[in-house]
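Let me begin by presenting the structure, written as C-alpha cells, before commenting on it.
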Amino acid sequence: MDLDVVAWVHVSRDRMLAVRSRGRDLLYLPGGKREPGEDDWSALSREVREELALDLDPASFRELGVVRAAAHDQPAHTHVRMACFTAAYAGEIRATGEVDEFRYIGTPDRALLAPAARAALDLATAKGLLS
C-alpha cells in the first residue's frame, strides 16, 4: 500500500527544514495528504499554512521530484510516495496545528528524519540544494 503525499522542501544555509508532528519520534517534511479534489499546489499550500503559518508563493512553486520510501509509524509493507516541491514563502515560520517543533537538518543529522524525509534530503542534495 502506498500513501500519496506532497512535501515542501525548504533549504536554508545548507540545511533542510523539517517538522515533528505531535506524538512522533522522527522528523518529517512539511506537507501531507491531498483532500478530495485538491491538486498538488492546493494541498501543499494548505498543509504548510496549517503546520507553519506560512503562505507559499505560487509563482515560485516548482517540482523537485518524487521519492518513495517505507512509511514510518505505519503497518508493515506500507510505503510513502512523496512528491517534493520548492517554493518561496511569506511570513515567519512557527510551529502550529499538529506540529510541535520545526528545525533545520543537515546531512549529518539524517538519522533524525523519517525514511521519506531522508530520501527527500538525498534528492535535495542530488539537485544541488544541499552540499
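Expected output is a single nm value to one decimal: the length gained when fully extending between R13 and D39, i.e. 0.36 nm times separation in residues minus the C-alpha distance. What is it?
Values: separation 26, 0.36 × 26 = 9.36 nm, distance 3.00 nm.
Extra length from R13 to D39 when fully extended: 6.4 nm.
Out of the DSSP beta bridges found with both residues in the chain, what percent are antiparallel (nearest 5)?
Working: 22 of 30 bridges.
Rounded to the nearest five, the antiparallel share is 75 percent.
May I ask you to derive the relative contact order of the chain, considering only C-alpha pairs under 8 Å and at least 6 residues apart, and to give it as an integer percent? Kindly include the intermediate steps, with their values, before the conclusion.
Details: 277 pairs, mean separation 45.2, N = 131.
Answer for the chain is 34 percent.
Which one of P108, A76, S12 is farthest out on the positive end of the charge dipole of region 12-131, using unit charges on Cβ (Lys, Arg +1; Asp, Glu -1) and the Cα centre as origin?
P108
Given 0.36 nm per residue, what is the gain on full extension from A111 to M1 after removing their alpha carbon distance, in nm? Before the final figure, lay out each step's value.
Details: separation 110, 0.36 × 110 = 39.60 nm, distance 2.42 nm.
Working it through step by step, the gained length comes to 37.2 nm.
Per residue Cα convex hull volume for region 1-122, in cubic angstrom? Write down the numbers at each step before the final one.
Working: hull volume 12.5 nm³, N = 122.
Roughly 102 Å³ of hull volume per residue.
Every read-out reported here was derived from the displayed coordinates using simple, explicitly stated rules and does not represent laboratory data. Computed from a predicted structure; not experimentally measured. Neighbour counts run over all protein chains shown; Cβ positions are idealised from the backbone, glycine included.
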